[in-house]
Amino acid sequence: MRNNGPIALIFHALVVAFVLAPLLVVCLVAFTPEDTLSLPTHGVSLRWFKAIFEHPDFVQSFYNSLLLALLSATFSLCVALPAGLAIGRLSFAGRDFLNALFLSPLIIPTLVLGVALMRLFASMGVSGSFGWLVVAHVVVISPYVLRLVLAAVVGMDRSAEQAAQSLGAGPWTVFRRVTLPMILPGITGGWLLAFINSFDELTMSIFVTTPATVTLPVRMYMYATESIDPMMASVSALMILVTGAAMLILDRVYGLDKVLIGQQG
């Protein structure tokens, strides 16, 4: 394996700095004592973090987004796991069509999906239902889960399954004791990616949410259209902190190398 030269290392460092610089600026602005978006050049303050909890709408929207992301990612996995196993391991008529159908939300703009789902829910008389909001998110994020599950299924070595079957293990036992542990990195990574995409989804959610089901990204968008102050930076900083903490816990408990690239410990 060739080691990266100094030019490659400098280039990579510049790319990382370019990506992380906006996040760093947002986190710094969140601690400003001023009333405008500015860096804390005259000391730091937690006033804008306290301001978040003085707006119960933001707290409720956070809980809405958290519950929505948990349910959407879980239901997406329930759909994508059997679909990935069928598409990746079986040969049947319509397999390519089924694969294209599940992946089609990736090529349709979320703006178009949002308008279409809004009209559909209105015609069905279910506008404003949190359950149907979950369905809308499942449609959008299922392709991400399917891609990772399908990659794990196609890349696995089936000799262990065949050995278990030759020793008398039934289909359910083989799946639970052999197949599932081998594709677990793809399942975990797919669920995590679906959770992040659902939690951050804005464009489609604007069309299908109601005042009772407003998510945090939609609430932030609504607030930003009315007022520009550092509270948006403090909300963003908290989201960055929560995401970073979740990734750190996942790394300590399971290992990001296993989740993201399937590396075995």
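The values are calculated or read from the model by the stated rules, or taken from the named source; none is laboratory data. Model, not experiment: these values are computed from the prediction. For neighbour counting, all protein chains shown are included, and Cβ atoms are generated from backbone atoms with ideal geometry for every residue, glycine included. Side chains included, ligands, DNA and RNA excluded: accessible areas come from the protein's heavy atoms. Shrake-Rupley method; radii C 1.70, N 1.55, O 1.52, S 1.80 Å.
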>> Once R0 is set to 25 Å, what does the formula 1/(1 + (r/R0)^6) return for the Cβ-Cβ distance between residue 184 and residue 107, expressed as a FRET efficiency to the nearest 0.05?
In response: 0.30
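Quick one: dipole size for the chain, taken about the Cα centre, charges +1 on Lys/Arg Cβ and -1 on Asp/Glu Cβ, in debye to the nearest 20.
840
For a quick protection proxy, order the peptides 153-164, 55-66 by their average other-Cβ count within 10 Å, most packed first. The partial results should precede the final answer.
Numbers: 153-164: 14.0, 55-66: 16.2.
Descending mean neighbour count gives 55-66, 153-164.
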>> Which one, 125, 104, 162, is farthest towards the positive end of the dipole of the chain when Lys and Arg carry +1 and Asp and Glu -1 on their Cβ?
In response: 162
> Taking the structure as given and computing semi-axes √(5λ) of the Cα gyration tensor in Å, which label from [x] 27, 25, 15; [y] 27, 21, 17; [z] 38, 27, 17 fits?
Replying inline: [z]
> Under unit Cβ charges (Lys, Arg +1; Asp, Glu -1), what dipole magnitude, rounded to 20 debye, does the stretch 1-138 have relative to its Cα centre?
Replying inline: 480
> GNM on the chain, C-alpha springs below 10 Å: top fluctuator among 84, 189, 170?
Replying inline: 170
> Rounded to the nearest 500, what is the chain's calculated 222 nm mean residue ellipticity when only DSSP H runs of at least 4 contribute -39500 (n - 2.57) each, over all residues?
Replying inline: -24000 deg cm²/dmol
>> Can you order the peptides 194-204, 224-234, 86-96 by their average number of other Cβ atoms within 10 Å per residue, highest first?
In response: 194-204, 224-234, 86-96
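Given a 1.4 Å probe, how much area per residue of the stretch 1-108 is accessible, in Å²? Each step should come with its number before you reach the end.
Working: 7400 Å² over 108 residues.
Here the per-residue accessible area is 68 Å².
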> Name the residues of the stretch 23-65 whose amide N is less than 19 Å from a point 7 angstrom out from the Cα of residue 17 along the C-beta direction?
Replying inline: 23-28
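Keeping the other protein chains in place, figure out the carbon and sulfur percent of the accessible area of the chain, with a 1.4 Å probe. Don't jump to the answer; show the numbers that get you there.
Working: 10780 of 15570 Å².
Carbon-and-sulfur percentage of accessible area, whole number: 69.
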> Could the peptides 7-17, 124-134 be put in order, highest first, of the mean number of other beta-carbon atoms found within 10 Å of their residues?
Replying inline: 124-134, 7-17
